[in-house]
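A short worksheet on the structure shown next.
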Amino acid sequence: MADISKVAVVTGAGTGIGRAVALALQGDGYNVVLAGRHRSKLEDTIAQAKTGAGEMRAVPTDVSDPLAVKALFHAADQAYGRVDVLFNNAGISAPPKPMEEVTLEEWRKVVNVNLTGVFLCCQEAIRLMKAQDPQGGRIINNGSISAHSPRPMSAPYTSTKHAITGLTKSIALDGRAQNIACSQIDVGNAATEMTESFAKGILQPDGEIRPEPRMDVAHVAGAVLYMANLPLESNVLNMTIKATAMPFEGRG
């Protein structure tokens, strides 16, 4: 179990992977600051918190808004005086369509949340982690299987997830001097609201629609908790966790 004084910030904490990870951290003793666009969904996460463990606080946040991100980390700092773990989970996708039909607005919306939002959160977390005593902390970015191989008609989403890999490695390198570790977890077919349609059928590279297996999101939460609880002298730079039988190896 984590020291009760440890503090985590989780984005996209109102649903799916973000909710599962936030609850796993809280149950392990972390005080968790929940970020997401909808307060009601964040409050639903808090309602599922384990009694006798860490605290949970909801801070409605649009991660693509620099002022909102500053307010999020200011709230964490004011409440707890530090941030030990940031889990960058908030993300969206564009409607599946051929590359030439993706509008500039659709492209920018995905980039603003999936890449710029992560960048902004990392910036604020790093500032706090450098200034706090003891110095340092851990950033874990949700990359996705699409950081390795795209699904059909997913150019905006896939591009941002590939970019997350570069950002993760840059932070892992640049954060060494301040004891800041940075990791990436790439998740394939966790059973969440976002992947419900996968069980019925999803477009494959050969043009067919086929169902895909999914896995319990609790396994993702357990993996992130493991990464979070490592001493800062150790780091899982990249982890892939996926439904065993989903079509990833050899995809395309």
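Would you check if Ile209 is β-branched (Val, Ile, Thr) and under 22 Å from Asn88 (Cβ atoms)? Against the criterion (β-branched (Val, Ile, Thr) and under 22 Å from Asn88 (Cβ atoms)), Ile209 does not qualify.
The rows are residues; the columns are (1) surrounded by fewer than 14 Cβ atoms within 10 Å (Cβ to Cβ); (2) more than 17 Å from Gly16 (Cα to Cα); (3) not hydroxyl-bearing (Ser, Thr, Tyr).
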| residue | (1), (2), (3) |
| --- | --- |
| Gln48 | yes, no, yes |
| Ala53 | no, yes, yes |
| Leu67 | yes, yes, yes |
| Ala71 | no, yes, yes |
| Asn88 | no, no, yes |
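Scanning the stretch 192-208 for residues that are exposed (fewer than 12 other Cβ atoms within 10 Å of the Cβ) and either within 25 Å of the chain's Cα centre (by Cα) or part of a strand (DSSP E or B) (or both) turns up Glu193, Glu196, Ser197.
Return yes when Gly81 is under 14 Å from the mean Cα position of the chain (by Cα), farther than 21 Å from Met227 by Cα and modelled with pLDDT of 95 or more and no when it is not. Spelling it out, it is not the case that Gly81 is under 14 Å from the mean Cα position of the chain (by Cα), farther than 21 Å from Met227 by Cα and modelled with pLDDT of 95 or more.
Flag: Glu233 does not match the condition of being under 29 Å from Gln26 (Cα atoms) and not in a loop (DSSP other than H, G, I, E, B). Taking each residue of the stretch 171-199 that is without any contact (Cβ under 8 Å) to a residue 12 or more places away in the chain and looking for partners that are assigned to a loop (DSSP other than H, G, I, E, B) with beta-carbon atoms closer than 9 Å, six or more apart or interchain, yields Glu196/Arg214.
One residue stands out among those in the stretch 113-132 that are of a type outside the set (A, V, I, L, M, F, W, C) and either within 13 Å of Ser159 (Cβ to Cβ) or at pLDDT below 95 (or both): the one that is surrounded by the most Cβ atoms within 10 Å (Cβ to Cβ), which is Asn114. Scan the stretch 114-122 and tell me whether some residue there is over 14 Å from the mean Cα position of the chain (by Cα) and aromatic (Phe, Trp, Tyr). No, the stretch 114-122 contains no residue that is over 14 Å from the mean Cα position of the chain (by Cα) and aromatic (Phe, Trp, Tyr). Residues in the stretch 149-170 that are of a type outside the set (S, T, N, Q), surrounded by fewer than 23 Cβ atoms within 10 Å (Cβ to Cβ) and within 16 Å of the chain's Cα centre (by Cα): Tyr157, His162, Ala163, Gly166, Leu167, Lys169.
The values are calculated or read from the model by the stated rules, or taken from the named source; none is laboratory data. Predicted model only: the values in this text are computed from it and were never measured. Quick reminder, even Gly has a Cβ in these numbers, built from the backbone with ideal geometry, and neighbours come from all protein chains shown.
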